[in-house]
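Here's the structure we're looking at; comments come further down.
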Amino acid sequence: GRRAWRVDGDAEFAARGLGSHVITAEARGPDGWYYEYAGADVFEMWADAASRFPLNPADTAIAGYSMGGYATYKFATQFPDLFGKAQPTVGPPGLGVWVPPAPPEPGGTQSNTNAMLASLRNIPFLIWDGAEDELVPVLGAQTQAATFGTLGLRYEFDLFLTSDHLALAANDAYQPAADFLGLINIDYNPAHVTYVYNPTMDFADVGTAAGHAYWVSGITLSDSSGTAPLGQIDVRSEGFGVGDPTPSGVSAGTGILQGGAIAPFAYVSETQTWGAVPVTKVNDALDITATNIATVTIDPVRAHVDCNAIINEPSDGPKVTLLGC
């Protein structure tokens, strides 16, 4: 949607952290689903705001309602290094209606962010959906949340038991979401990067081509044929001296959203967090696994390795270029 919150919600999000600018794109025309010019409008809006206000790029979150919720999934998976946290509300995982195992309609399999969620390794999500949503079927929302759990990502999924598609907008109470977003400091150089590249979401002519994340860039697919080509690359640098934290496993809970314009909203939830980051031996090495990736470029300085780094990857792995080496 063009506007995710009314006055109270805008104020709650604007007050997060040390104070924030809340900007919402019109996205150039009706039902553009943040593709092509509708997607470019988000970045042009962002650039215009940055030309007028002293923004802190490292303290950037993305959130949205309905179609804006889809944009939250879409932009966070396409450009994960731009956002520190994310909060979709009644956002469909794909373009249109998704009732698994059928593809989203009318957007098709190529629009489904469910297959791209591995890109969110470094972005915690708070997901709000309604059990009685007539436009975002609950099975699709639950499947999206379950994938977060299976991938070991950090997330909270709150399913509001008596909420249809517009109830949370009318209720207009977003303080828990604003508290979740909080004060953000994006880590632009994480030790472990996972990225799923979906070239059908690229529109180079309007400046919204992806294929890069953090210190990984120049990603191309081995096979880009068909209507829904995807490639996934996973790179862990041993140069940071840290390993992957252990996911907590998914835990169930309940809660009540208070303070809105309607009645208190009860919800059931599932949550997964991470444990402490383990310390490991520092090595000049990169561990790479990939599916359907032909080429990748890695910035060794940002990855904490040098031009002599050992590349640990399968024999059929992508061609790896170390930037500047």
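The values are calculated or read from the model by the stated rules, or taken from the named source; none is laboratory data. Remember, it's a predicted structure, so these values are computed and weren't measured experimentally. Because the Cβ atoms are built from the backbone with ideal geometry, glycine has one as well, and the counts that use them run over all protein chains shown. Please note that ligands, DNA and RNA were not included when accessible areas were found on the heavy atoms of the full protein model with its side chains. Shrake-Rupley method; radii C 1.70, N 1.55, O 1.52, S 1.80 Å.
Counting just the residues of segment 201-216 that are open to solvent by 40 Å² or more (accessible area, probe 1.4 Å) and more than 17 Å from the chain's Cα centre (by Cα), which one comes out farthest from residue 186 (Cα to Cα)?
Top of the filtered list is 205.
Condition check ((1) modelled with pLDDT under 95; (2) open to solvent by less than 40 Å² (accessible area, probe 1.4 Å)) across all residues:
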residue: 23; (1), (2): yes, no
residue: 26; (1), (2): yes, no
residue: 29; (1), (2): yes, yes
residue: 47; (1), (2): no, no
residue: 52; (1), (2): no, no
residue: 61; (1), (2): no, yes
residue: 65; (1), (2): no, yes
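Could you go through segment 276-292 and let me know if any residue there is charged (D, E, K, R), closer than 30 Å to residue 171 by Cβ and modelled with pLDDT of 95 or more. Steps first, please.
So in segment 276-292, the residues charged (D, E, K, R) come out as 281, 284, 287.
Filter again for closer than 30 Å to residue 171 by Cβ, leaving none.
No.
Restricting attention to segment 34-89, which residues are polar (S, T, N, Q) and in a strand (DSSP E or B)?
Across segment 34-89, the qualifying residues are 87, 89.
Tell me which residues, restricted to segment 159-187, are more than 28 Å from residue 121 (Cα to Cα) and either open to solvent by 50 Å² or more (accessible area, probe 1.4 Å) or within 18 Å of the chain's Cα centre (by Cα) (or both).
Of everything in segment 159-187, those that are more than 28 Å from residue 121 (Cα to Cα) and either open to solvent by 50 Å² or more (accessible area, probe 1.4 Å) or within 18 Å of the chain's Cα centre (by Cα) (or both) turn out to be 161, 162, 164, 166.
Among 170, 146, 178, which is the only one that is closer than 20 Å to residue 100 by Cα, of a type outside the set (Ser, Thr, Tyr) and not in a loop (DSSP other than H, G, I, E, B)? Reasoning before the result, please.
On the way: 170 fails: closer than 20 Å to residue 100 by Cα; 178 fails: closer than 20 Å to residue 100 by Cα.
When all the criteria are applied, what remains is 146.
Which one is surrounded by the most Cβ atoms within 10 Å (Cβ to Cβ) among residues in segment 261-273 that are small (Gly, Ala, Ser) and touching a Phe, Trp or Tyr at 6+ places or on another chain (Cβ under 9 Å)?
269
Give segment 274-305 a look and list any residue that's within 23 Å of residue 115 (Cα to Cα), free of Cβ contacts under 8 Å to residues at least 60 places away in the same chain and buried (at least 17 other Cβ atoms within 10 Å of the Cβ), or say none.
Within segment 274-305, 288, 290 meet the criteria.
Pick from 150, 143: which is of a type in the set (Ser, Thr, Tyr), modelled with pLDDT of 95 or more and within 29 Å of residue 237 (Cα to Cα)?
150
I'm checking my understanding of the structure. Among residues of segment 314-324 that are at pLDDT 95 or above and assigned to a loop (DSSP other than H, G, I, E, B), which one is surrounded by the most Cβ atoms within 10 Å (Cβ to Cβ)?
In this case the residue turns out to be 318.
Out of curiosity, is residue 247 in contact with a Gly (Cβ under 6 Å, 6 or more places away or on another chain) and open to solvent by 40 Å² or more (accessible area, probe 1.4 Å)?
Spelling it out, residue 247 is indeed in contact with a Gly (Cβ under 6 Å, 6 or more places away or on another chain) and open to solvent by 40 Å² or more (accessible area, probe 1.4 Å).
Would you check which residues across segment 92-136 are small (Gly, Ala, Ser), open to solvent by 10 Å² or more (accessible area, probe 1.4 Å) and within 19 Å of residue 232 (Cβ to Cβ) and list them?
115, 118
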